[in-house]
Amino acid sequence: MAYPFQELEPKWQQYWEEHGTNRTSDDTSLPKFFIMDMFPYPSGAGLHVGHPEGYIATDIIARYKRMSGFNVLYPMGFDAFGLPTERNAMKTGIHPAVITQQSIANFKRQISIIGLGYDWSREIITSEPRYYKWTQWIFTLFFNSWFDDDVQKARPIEELPIPDHLATEEEKEEYRDSKRLAYVANMPVNWCEALGTVLANEEVDEWREKGYTVERRLMRQWMLRITTYSQRLLDDLELLDWPTSTKEMQKNWIGRSEGAEITFRADGTGEPIPVFTTRPDTVFGATYMVLAPEHALVDTLTTDEQREAVQKYRRQTEAKTDIERTDGKEKTGVFTGGYAINPATGERIPVWIADYVLAHYGTGSIMAVPGHDERDHAFAVQYGLPIRQVVAPADNSAWDIIGEAFTTDGVGVNSENTEVSLNGLPTPEAKDRIAHWLVEKGIGTKRIRYKQRDWLFSRQRYWGEPIPIMFYKDGGKRSLTIDELPLELPHVSDFMPAGTGESPLAKVESWTNFIDPKTGREAGFETNTMPQWAGSCWYYLRYIDPHNDTAFCDPDKERYWMDGGGIDLYVGGSEHTVLHLLYARFWHKLLYDYGYVSTKEPFHKLFHQGMILGEDSRKMSKSLGNVVNPDDIVTELGADSLRVFEMFMGPLEMTKPWATTGIEGVHRFLNRVWRLVAEEDGALSQQLADVEPTPEQYFVLHSTIKKVREDIESMSFNTAVAQMMIFVNEFTKEETRPRKAIEQFLLCLAPFAPHIAEELWSILGHSGSIFLQPFPAFDPEKLVQNDVEIVLQVNSKVRSRAVVPIDADESTVERIAMDDPQVQKHMEGKTLRKKIFVLNKLMNFIVS
RNA sequence: GCCCGGGUGGCGAAAUCGGCAGACGCACAGGACUUAAAAUCCUGAGACCCUUGGGUCGUGCGGGUUCAAGUCCCGCCCCGGGCACCA
């Protein structure tokens with residue numbers, strides 16, 4: 001018969017709730033531990049067993065840390081604004097706020113029956129005005145800031161030096177607008193007609209996978225100047241205890257590259273055409289130039305004969321998204337008819353346009369070196385452009401430059417003019433030499449470029465944070481001040497897109513047409529809203545001080561909880577590697593620049609839990625019918641079984657399939673735990689006694705305490721569970737079970753299986769929660785054994801074993817080994833060549 | 001193509017520093033209890049050879065270092081994830 005989990009689990013959940021067992025204390029004299037899950041987006045679909053895996057892990061750590069004397073902040077909230085809810089609203093006609101409420105209620109019910117010990121008094125919901133007031137406030141901080149390159153930090157826009165030649169107030173304001181960290185721009189965007197909104201570059205793939213069509217359009221958009229922080233976002237990765245793969249991905253995303261900017265000039269007009277290259281040493285091999293089709297100089301360079309072809313090509317590329325431009329393997333392009341002068345060789349080289357050159361990277365134009373760049377090589381072959389070798393392999397071997405580009409480092413050849421020669425120089429030195437020459441001649445400088453682009457921050461949607469900016473009908477705009485926030489999302493019954501590429505807010509008269517009470521001017525609010533990612537950029541800070549109405553977070557509380565370089569542990573899926581985690585770091589750095597937060601980084605340690613697959617080893621999905629619902633598991637086997645099994649399945653970071661028989665095994669284990677302490681009817685077991693544990697029992701107990709402690713700290717929960725199983729196996733065998741040992745064991749088990757641990761703790765006669773007890777310490781002396789089994793080898797093969805006193809020395813062990821019949825047998829008639837002795841491990845005789 | 005992970009029994013997986021490969025669990029087999037079954041408890045088990053004792057092989061593949069390699073080095077293969085015209 002199974003232990004009565006169905007009664008005792010809700011009982012203890014209610015007890016914790018009533019007694020505030022999981023509340024965070026305000027006692028800042030205690031050492032703190034700030035541990036967080038990535039908060040969920042509450043969809044209507046509900047959870048499958050994969051979702052709470054990370055939550056269970058953090059709950060175990062949170063409970064363990066509390067028992068270890070830490071003041072633990074372990075909160076939960078909801079990322080509640082976003083597209084899926086709005087789409088659902090459009091389908092059902094139910095207001096997104098109502099849908100959100102329902103989804104959250106269902107979600108909370110599902111996670112509370114698992115016994116997760118969140119401090120719900122700190123719950124935050126990003127779509128609530130008292131939360132997004134501060135999201136908007138941070139936005140105004142971006143709007144009212146510029147980035148000072150000299151000190152590498154954000155400063156108030158009023159402190160921006162205005163160039164003298166700007167006289168009128170309009171000109172000055174235009175200049176300020178061009179420097180603001182939140183700015184409006186006409187951007188080619190990823191427009192999705194079906195969704196009625198634009199998408200961030202980072203989001204495009206996700207929606208395409210779902211079958212949506214995304215096209216290129218020029219639209220007025222809000223942008224955040226994240227690129228000004230590229231270098232800091234890159235550098236500060238060093239401070240973080242994150243998975244290396246995640247750091248690598250962010251590095252690649254930021255994509256720093258060192259090189260040079262070289263100014264070519266148009267033949268005839270002398271118009272400068274700067275290019276960015278990481279291989280300035282190959283400039284002698286630049287046999288043509290390519291501009292992005294959108295490049296500003298295309299018009300002036302194009303000759304009349306070529307104009308028609310150029311315009312046709314430009315129209316073709318305009319319609320394509322970035323992804324489509326990179327789809328085709330074959331390179332396309334058109335000759336402009338114009339020529340430029342290669343500043344190193346003085347040669348006249350043709351200027352082409354081609355969509356393999358991207359307008360937004362570097363200068364939007366390149367010097368093409370087909371001998372030493374694969375893309376240029378392919379293009380040159382396609383259109384019969386000259387290919388010249390200017391770098392040779394270091395060993396001077398021959399290279400078929402017409403057949404294939406030589407792209408690695410080598411030594412310079414054919415690279416000489418009257419002033420400079422790179423011939424014979426290894427690539428790194430050649431780069432230096434040419435850089436010197438370029439700077440000297442004023443035709444080039446060293447440059448660093450980043451792949452990362454500014455963050456497209458507006459969405460043409462209703463269900464998001466309103467952007468707290470008003471535009472005056474007679475020109476100009478202002479951000480709302482803190483007393484005017486939150487700018488509440490107006491309640492509408494029609495949340496269909498305006499159909500004009502504008503958000504539903506454009507249809508709300510009171511939103512777009514009013515008198516600004518501060519200035520008396522006619523004005524309208526921005527009709528775009530913020531993207532899904534906005535609310536999650538700073539929510540961790542709000543947990544620290546969730547009910548503060550005068551600041552987003554009290555500075556003293558912030559310093560206490562963020563001490564040690566940020567949140568102590570942040571757990572969530574790796575799918576957020578380059579979006580949420582990069583955006584949140586960016587926002588944090590702005591707040592840091594103003595002294596609102598005390599750490600450079602928000603998340604000191606990060607951990608990604610793996611995925612749980614269906615029993616068929618495929619991703620759980622409704623369509624495959626392999627979804628396992630945690631509600632069913634809790635009903636049939638209990639929350640504790642679910643918790644312990646999810647931890648026992650394997651390493652937390654791994655992807656692993658669900659196994660029904662596996663959880664039954666864990667359920668059996670918990671039943672064994674129950675019977676270790678209690679009779680079938682719930683009375684205290686007759687086999688428990690107040691006796692001193694034997695040395696062997698002590699050894700098992702203290703090994704268990706040690707292992708569980710270490711494994712929780714290193715997040716190796718699976719092996720901690722295995723060790724607890726060993727404990728139960730050992731003590732189940734015993735006729736008489738020392739009460740003391742059993743109690744200590746229950747304390748170890750408590751973070752994993754809190755309900756059964758509480759119940760057995762009270763059966764043992766204790767009043768009050770088991771979680772008020774300190775986590776047991778292990779005694780190293782109890783782990784010392786008198787004897788140890790060692791291996792006896794002959795020629796490195798195990799031939800026998802012997803039990804010897806611990807730390808027995810070589811001569812003792814050698815004597816024992818020599819007396820061993822198996823060892824003797826294998827050494828018979830052979831000569832001893834060598835003896836190898838490893839303390840407490842082995843004795844190895846090498847014979848011939 | 002490039003950058004990260006990973007490959008260990010029938011299955012999920014263990015294995016600080018190079019030192020007994022396969023802990024723990026699942027599934028399986030045998031036994032005890034039972035009229036019987038379920039539940040529970042006990043026992044067994046990497047593969048192959050073998051009469052017992054035992055022997056041989058074995059951590060994706062091929063080499064190497066070492067008294068000793070899942071672990072270190074070199075070269076491959078396969079799987080998962082990410083990036084991919086970024087000059």
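Things to note:
- Of the criteria (1) within 16 Å of RNA strand B (Cβ to nearest atom); (2) small (Gly, Ala, Ser); (3) open to solvent by 60 Å² or more (accessible area, probe 1.4 Å), which one residue A:2 fails: (3)
- Within segment A:376-413, being buried (at least 18 other Cβ atoms within 10 Å of the Cβ) and either within 13 Å of RNA strand B (Cβ to nearest atom) or under 33 Å from the mean Cα position of the chain (by Cα) (or both) holds for A:376, A:377, A:379, A:380, A:405.
- Flag for residue A:313 being outside any strand (DSSP E or B), touching a helix residue (DSSP H, G or I) at 6+ places or on another chain (Cβ under 6 Å), among the hydroxyl-bearing types (Ser, Thr, Tyr) and at pLDDT 90 or above: no
- Pairs with Cβ under 6 Å, 6+ apart, first in segment A:559-571 and on the phi > 0 side of the Ramachandran plot, second among the charged types (D, E, K, R): A:566/A:601
- Scan segment A:786-800 for residues that are of a type outside the set (Lys, Arg) and in contact with an Asp or Glu (Cβ under 9 Å, 6 or more places away or on another chain) and the total you get is 3.
- Check on residue A:366, within 14 Å of RNA strand B (Cβ to nearest atom), assigned by TED's automatic domain parsing to the domain that holds residue A:268, touching a helix residue (DSSP H, G or I) at 6+ places or on another chain (Cβ under 9 Å) and open to solvent by 20 Å² or more (accessible area, probe 1.4 Å): yes
- With respect to the conditions (1) open to solvent by less than 40 Å² (accessible area, probe 1.4 Å); (2) within 15 Å of residue A:844 (Cβ to Cβ), residue A:788 falls short on a single one, namely (2).
- Among the helices (runs of 4 or more DSSP H) confined to segment A:607-679, the ones with at least 1 residues that are out of contact with any Ser or Thr (no Cβ under 8 Å at 6 or more places or on another chain) and under 16 Å from residue A:717 (Cα atoms) are located at A:639-648, A:660-677.
- For residue A:161, the test of being modelled with pLDDT of 95 or more and either more than 30 Å from residue A:596 (Cβ to Cβ) or open to solvent by less than 60 Å² (accessible area, probe 1.4 Å) (or both) is failed.
- Filtered residues of segment A:657-699 (kept if of a type in the set (Val, Ile, Thr), within 43 Å of the chain's Cα centre (by Cα) and crowded, with 20+ Cβ neighbours inside 10 Å): A:663, A:666, A:673
- Which numbered condition residue A:218 misses (of (1) more than 30 Å from residue A:445 (Cβ to Cβ); (2) in contact with a strand residue (DSSP E or B) (Cβ under 8 Å, 6 or more places away or on another chain); (3) touching a residue at least 40 places away in the same chain (Cβ under 8 Å)): (3)
- Here A:791, A:813 are screened, and the one residue that is outside any helix (DSSP H, G or I) and modelled with pLDDT of 85 or more is A:791.
- Those residues of segment A:798-819 which are farther than 21 Å from residue A:785 by Cβ, more than 9 Å from RNA strand B (Cβ to nearest atom) and open to solvent by less than 90 Å² (accessible area, probe 1.4 Å), in sequence order: A:811, A:814, A:818
- Any strands (runs of 3 or more DSSP E) falling wholly within segment A:225-296 and containing at least 1 residues that are surrounded by fewer than 21 Cβ atoms within 10 Å (Cβ to Cβ), more than 13 Å from RNA strand B (Cβ to nearest atom) and at negative phi: A:256-266, A:272-277
- Segment A:18-41: number of residues that are part of a helix (DSSP H, G or I) and either farther than 22 Å from residue A:104 by Cα or in contact with a helix residue (DSSP H, G or I) (Cβ under 8 Å, 6 or more places away or on another chain) (or both): 1
- Residue in segment A:417-433 that is in contact (Cβ under 8 Å) with a residue 12 or more places away in the chain, open to solvent by 40 Å² or more (accessible area, probe 1.4 Å) and aliphatic (A, V, I, L, M) present: no
- Among the residues making up segment A:731-773, those that are out of contact with any Leu (no Cβ under 9 Å at 6 or more places or on another chain) and surrounded by fewer than 19 Cβ atoms within 10 Å (Cβ to Cβ) are A:733, A:734, A:735, A:762, A:766, A:767, A:768, A:772.
- Of all residues in segment A:46-56, one or more are assigned to a loop (DSSP other than H, G, I, E, B), surrounded by fewer than 23 Cβ atoms within 10 Å (Cβ to Cβ), within 24 Å of the chain's Cα centre (by Cα) and on the phi > 0 side of the Ramachandran plot.
- Residues that are polar (S, T, N, Q) and within 26 Å of residue A:231 (Cβ to Cβ) number at least 1 in the following strands (runs of 3 or more DSSP E) confined to segment A:128-200: A:145-148.
- Top-ranked residue in segment A:297-312 [being more than 44 Å from the chain's Cα centre (by Cα) and of a type in the set (Val, Ile, Thr); ranked as surrounded by the most Cβ atoms within 10 Å (Cβ to Cβ)]: A:302
- Taking the criterion of being crowded, with 22+ Cβ neighbours inside 10 Å, aliphatic (A, V, I, L, M) and either in contact with a helix residue (DSSP H, G or I) (Cβ under 7 Å, 6 or more places away or on another chain) or over 15 Å from residue A:752 (Cβ atoms) (or both), the residues of segment A:62-75 that qualify are A:72, A:73.
- Test: residue A:315 is free of Cβ contacts under 8 Å to residues at least 24 places away in the same chain, in the same structural domain as residue A:345 (by TED's automatic domain parsing) and within 39 Å of the chain's Cα centre (by Cα): yes
- In this structure, residue A:654 does satisfy being surrounded by fewer than 21 Cβ atoms within 10 Å (Cβ to Cβ) and either under 24 Å from residue A:750 (Cα atoms) or within 16 Å of RNA strand B (Cβ to nearest atom) (or both).
- Looking across segment A:829-848, the residues that are open to solvent by 50 Å² or more (accessible area, probe 1.4 Å) and either within 9 Å of RNA strand B (Cβ to nearest atom) or within 20 Å of residue A:806 (Cα to Cα) (or both) come down to A:833, A:834, A:835, A:836, A:837, A:838, A:839, A:841.
- Residue match in segment A:758-769 (condition: at pLDDT 95 or above, charged (D, E, K, R) and in a helix (DSSP H, G or I)): yes
The values are calculated or read from the model by the stated rules, or taken from the named source; none is laboratory data. Since the model is a prediction, treat every value here as computed from it, not as a measurement. For neighbour counting, all protein chains shown are included, and Cβ atoms are generated from backbone atoms with ideal geometry for every residue, glycine included. The protein model used for the area step is the full one, side chains on, heavy atoms only, and it has no ligands, DNA or RNA in it. Shrake-Rupley method; radii C 1.70, N 1.55, O 1.52, S 1.80 Å.
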